[in-house]
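Structure first, commentary second.
What follows draws every value from the coordinates through simple rules; no lab data is involved. Keep in mind that this is a model prediction, so the values were computed, not measured. In this analysis, Cβ positions are derived from the backbone assuming ideal geometry, glycine residues included, and neighbour counts consider all displayed protein chains.
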Amino acid sequence: MNFDDFKVKAGQWRKRLTEVKTKNPPDGFTWYGYDILANVDHVDGLLSGDSRDLLARVAGERIADIGCADGDLGLLFADLGHEVDLIDWPSTNWNGMRGVRRLTGLLESPATVHEVDLDSQFALPSDRYGLVVLLGILYHLKNPYFVLDKLASHTRYCLLSTRIARYTKAPKTDISELPVAYLLTPDECNNDATNFWIFSAAGLRRIVERCGFRIVAMRQLGDVKASNPADAEHDERAFLMLESTRI
Ligand SMILES: C[S@@+](CC[C@H](N)C(=O)[O-])C[C@H]1O[C@@H](n2cnc3c(N)ncnc32)[C@H](O)[C@@H]1O
């Protein structure tokens, strides 16, 4: 499926999810509070030329949505016929993974939900994926090298997004061209102790390549002039399409 067609499906999926969620208000928890499907527009801006065939290239192959939150995106892949693993971890998840379990049940989706702590020496539910979606989670992980290294030996493609920064805050130092990552204090960013490593763009390129991925495309958005690792108003994100060089 070309990404243009996928975008149309995602629009229809958004309506269906809104309807299902509205008709079935959760009992004792709330649905994830951010717009997961907004990632479709960000990936749309990332993919050009041949890479817009990404989903055709992985036709019939298994997909993992890692850090899936309520699973809105992974469940769409399942609806389109892929076998899908929805992966998250209860203690970091918005609603203890009750949302993803409830939504999977309401949709009668064949996708499978897995509790996997990516901060442990984890094993993936399946040996081989066509695509792993790793959106908005890398900066929440203690060991990004371990995770990316493992993924490069289990998936052909990876769609990755994470927060990045051009400057450190104090002293203000330009790190954009340096292959580095900034380690946050527990209360430095959004008062959220699960925020760890904020890479520079060069650092992000370096780690994915060292782990065994080729960068097919990279897109930066948000504050692309003066981003730093901590401030909400200086938030920059990178989206990457990666292809494994190891499988
Ligand atoms: C910011 S949300 C991203 C949600 C969605 N992928 C998106 O891009 O909109 C990060 C997700 O990563 C999960 N996560 C954080 N640390 C994790 C860990 N150690 N193991 C598994 N999942 C983790 C959180 O529970 C949360 O659901």
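Where does the range 3-244 land on Rg(C-alpha)/(2.2 N^0.38 Å)?
Working: Rg = 17.4 Å, N = 242, 2.2 N^0.38 = 17.7 Å.
Against the empirical 2.2 N^0.38 Å value, I get 0.98 for the range 3-244.
Based on the Cβ-Cβ distance from Tyr145 to Leu106, what FRET efficiency comes out when R0 is 30 Å, to the nearest 0.05?
Between Tyr145 and Leu106 the formula returns 0.20.
Apply 1/(1 + (r/R0)^6) to the Cβ-Cβ distance of Thr194 and Lys172, taking R0 = 35 Å, and write down the FRET efficiency to the nearest 0.05. Walk me through the intermediate numbers first.
Details: r = 25 Å, r/R0 = 0.73.
About 0.85, to the nearest 0.05.
Going by how many other Cβ atoms sit within 10 Å of their own, how do Phe213, Phe196, Phe6 line up, fewest first?
Neighbour counts put them in this order, fewest first: Phe196, Phe6, Phe213.
Over the range 3-244, what is the relative contact order in whole percent, taking alpha-carbon pairs under 8 Å and six or more residues apart?
Computed value for the range 3-244: 17 percent relative contact order.
Could you give the length gained by full extension between Glu19 and Glu115, i.e. 0.36 nm per residue of separation minus their alpha carbon distance, to one decimal place? It would help to have the intermediate numbers written out before the result.
On the way: separation 96, 0.36 × 96 = 34.56 nm, distance 2.67 nm.
The span from Glu19 to Glu115 would gain 31.9 nm if fully extended.
In the chain, how many lysine pairs have Cα atoms under 16 Å apart, counting only pairs 8 or more places apart or on different chains? The partial results should precede the final answer.
Details: Lys7/Lys15; Lys15/Lys23; Lys142/Lys150; Lys169/Lys225; Lys172/Lys225.
Summing the qualifying lysine pairs gives 5.
Just to verify a number: FRET efficiency for Gln220 and Phe122, C-beta to C-beta distance, R0 = 35 Å, to 0.05?
0.75
Among Thr92, Thr168, Thr30, whose mean-square fluctuation peaks in a Gaussian network model of the chain (Cα, cutoff 10 Å)?
Of the options given, Thr30 has the highest mean-square fluctuation.
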